[in-house]
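Reviewing the structure listed below.
The values are calculated or read from the model by the stated rules, or taken from the named source; none is laboratory data. All of these numbers come straight from a predicted model, not from anything done at the bench. Using ideal geometry, Cβ is built from the backbone for each residue, glycine included, and neighbour counts are taken over all protein chains shown. Heavy atoms of the whole protein, side chains included, go into the accessibility calculation; ligands, DNA and RNA do not. Shrake-Rupley method; radii C 1.70, N 1.55, O 1.52, S 1.80 Å.
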Amino acid sequence: MRISRRAVATAAVLATVLPLSACGGGSGSDSSDASGKVEGKITFQTWNLQANFKDYFTGVIADFEKKYPGAEVKWVDRPGEGYADKISADAAGGTLPDVVNVSPDLVAPLAKAGIALDLDKAAPQYRKEYLDGAWKSHQIPGTQGTYAFPWYLNTGPMFYNKRLFKDAGLDPQKPPATYDEVFADGLKLAEKSHGKVATLANVPTIEDFGRYGGQLMNKEGTGFTFNDAKGVELLTHYKELYDAKALDSQALTATPESSGHKFLTESVAMNPGSALDLANFKKQAPSLYKNIGITDQVSSTGKANMYVMGVMVNAQTKRKPAAVAFAHYVTDATRQMEFAKQVAIFPSTEGSLDDPYFTKEDGTDETRVRVAAAKSLKTAVNYTPVLFSEQMKTELRNQIAKALQGKQSPKEALDNAVKACDRLLQQS
């Protein structure tokens with residue numbers, strides 16, 4: 001997959017195209033027995049990785065085959081565009097590869113259809129090797145089991161403009177850490193700048209409701225609950241920001257790219273990002289770079305959000321011992337550490353984030369961001385429910401827009417969003 005902080009493929013495609021009877025439903029043909037000799041030919045599918053990491057994966061496969069002489073791995077790489085459609089078609093047609101690169105939202109319908117192997121049954125001995133939050137990210141509410149090995153993680157800091165904070169009479173050395181602090185500082189920034197400087201450029205997403213402390217879904221996985229008191233409170237505050245011009249006027253239609261541009265041109269005081277953004281700031285906006293502040297993600301729970309990729313084993317594979325062994329091999333601590341040093345991602349394995357690479361700064365902003373992100377990932381969670389599809393994200397965004405525009409109250413907006421999302425959940 002293209003290395004980024006969030007998956008671009010949609011689970012909605014799988015949910016609507018992949019019939020739950022594809023594998024007979026339930027646990028499918030899974031005997032959950034992954035013991036036995038590691039041998040035979042298996043196919044490993046990745047998501048838009050071959051162009052930049054061919055040598056790395058070729059080496060991983062060669063090392064695995066050397067360790068298990070009777071095993072052979074065929075590697076196929078699919079483009080990012082249409083990846084969900086390809087998985088859906090292969091799953092429905094019985095041609096899904098033995099080992100597949102997935103994100104939590106993509107694995108959910110496969111698990112429901114009995115196509116994803118339950119690792120809690122097939123390979124429980126490996127669970128202790130991974131961060132608890134990462135392992136749980138491929139669990140499905142209302143379903144017992146874990147359906148993919150955690151692979152690489154990502155998260156990012158919050159960037160802020162020290163000059164804009166100072167101009168508003170705020171302490172540039174003490175950026176807001178919680179949502180309440182963001183709201184208070186945001187109103188001051190808007191007032192001091194006479195509405196010319198917004199604090200944020202995006203409307204709240206489902207992750208924001210999670211980081212604010214709201215419950216997003218019931219434990220049974222049968223309905224969404226982000227219209228609780230916490231959710232209404234959060235959206236009410238965003239409405240206050242919007243009315244005071246502390247939320248950018250174009251936030252209703254903003255994209256990550258447009259929000260980044262607003263921050264780059266210093267019309268927005270805060271914006272989430274990653275270490276990769278620093279070089280861009282330095283090159284395109286030297287004045288911003290000179291005043292750049294770097295802090296943790298805003299969270300009222302004390303836990304950051306993580307984005308996670310996984311490696312799933314096809315429950316129908318005829319080479320289960322080899323498929324499980326390879327899925328574990330490519331996601332073990334050694335391989336993940338090697339991969340993390342090639343690209344700005346983080347390993348999901350227990351103890352890896354204690355490596356000096358993730359704990360020692362060398363005075364550069366890049367290592368400062370890396371160290372801070374690694375620290376936050378130890379307790380981070382994937383706030384986005386695995387059953388929350390792209391269609392559901394659109395429904396939530398549309399209802400939030402109506403609330404900010406004053407067409408309905410925050411409570412009405414979230415109630416309507418929950419109803420729409422529950423309806424889509426029942427249809428999947």
- Message: Taking 28 Å as the cut-off for C-alpha to C-alpha distance, list the pairs among 74/341; 303/341; 196/360; 192/360 that go past it.
- Response: 196/360; 192/360
- Residue among 400, 379, 410 farthest towards the positive dipole end of the stretch 375-428, charges placed on Cβ: 379
- Message: Report the rotationally averaged projected area of the stretch 278-428 based on its alpha-carbon convex hull, in square nanometres.
- Response: 13.9 nm²
- Karplus-derived 3J(HN,Hα), 6.51/-1.76/1.60, for each residue of the stretch 360-366, Hz, glycine and proline x: 10, 8, 10, x, 8, 5, 4
- Scan around residue 43 for amide H atoms under 5 Å from its own, H built in the peptide plane at 1.01 Å from N, and keep only partners 5 or more places away or cross-chain. 74, 98, 99
- Task: Roll a 1.4 angstrom probe over the protein heavy atoms and tell me the percent of accessible area of the stretch 257-372 that is carbon or sulfur.
- Result: 49 percent
- Query: Hey, which of these cross-link pairs are over 29 Å Cα-Cα: 166/239; 112/402; 188/411; 162/407; 37/375?
  - Reply: 112/402; 162/407; 37/375
- Query: So what are the three principal axis dimensions of the stretch 159-267 from its Cα atoms, in whole Å, longest to shortest?
  - Reply: 48, 26, 23
- Message: So for the stretch 283-351, averaging the separation of alpha carbon pairs under 8 Å that are six or more residues apart and normalising by length, what relative contact order in percent results?
- Response: 16 percent
- Farthest positive-ward along the stretch 178-295 dipole, Cα basis, beta-carbon charges - from 246, 234, 179: 246
- If amide H atoms are modeled at 1.01 Å from N in the peptide plane, then the residues at a separation of 5 or more from residue 130, or on another chain, having amide H under 5 Å from its own are 350
- trypsin sites (Lys or Arg not before Pro) within the stretch 359-412, DSSP loop, no more than 10 other Cβ atoms inside 10 Å: 360
- Search the structure for amide H atoms under 5 Å from the amide H of residue 383, placed 1.01 Å from N in the peptide plane, and list their residues when 5 or more places away or on another chain. 306
- Query: If you place +1 on the Cβ of every Lys and Arg and -1 on the Cβ of every Asp and Glu, how big does the dipole about the Cα centre of the chain come out, in debye to the nearest 20?
  - Reply: 380 debye
- Item | Over the chain, relative contact order from alpha-carbon pairs under 8 Å, at least 6 apart, % | 24 percent
- Name the longest site-free stretch of the chain, where the excluded sites are GluC sites (Glu not before Pro) in a DSSP loop with no more than 13 other beta-carbon atoms within 10 Å. 221-360
- Item | Additional length obtainable on full extension of the chain from residue 375 to residue 250, 0.36 nm per residue less Cα span | 41.7 nm
- Message: Keeping all protein chains in place and using 1.4 angstrom, which order do 194, 261 fall into by accessible surface area, from largest down?
- Response: 194, 261
- With +1 on each Lys and Arg Cβ and -1 on each Asp and Glu Cβ, how big is the dipole of the stretch 136-265 about its Cα centre, in debye rounded to the nearest 20? 340 debye
- Query: Dimensions of the stretch 71-190 along principal axes (Cα, Å, largest first)?
  - Reply: 63, 33, 30
- Query: Among the trypsin sites (Lys or Arg not before Pro) within the stretch 192-243, which fall in a DSSP loop and have no more than 13 other Cβ atoms within 10 Å of their own Cβ?
  - Reply: 196, 219
- Task: Counting only C-alpha contacts under 8 Å and six or more residues apart, can you give the relative contact order of the stretch 100-152 as a whole percent?
- Result: 41 percent
- Item | Within the chain, helix-based [θ] at 222 nm, where runs of 4 or more DSSP H residues each add -39,500 (n - 2.57), nearest 500 | -13000 deg cm²/dmol
- Message: Quick one: 3J(HN,Hα) in Hz for the stretch 56-61, Karplus 6.51/-1.76/1.60 with θ = phi - 60°, rounded, Gly and Pro as x.
- Response: 4, 6, 4, x, 4, 5
- HN-Hα couplings for the stretch 395-406 via Karplus (6.51, -1.76, 1.60; θ = phi - 60°), in whole Hz with x for Gly/Pro, come out as 4, 4, 4, 5, 5, 4, 4, 5, 5, 5, 7, x
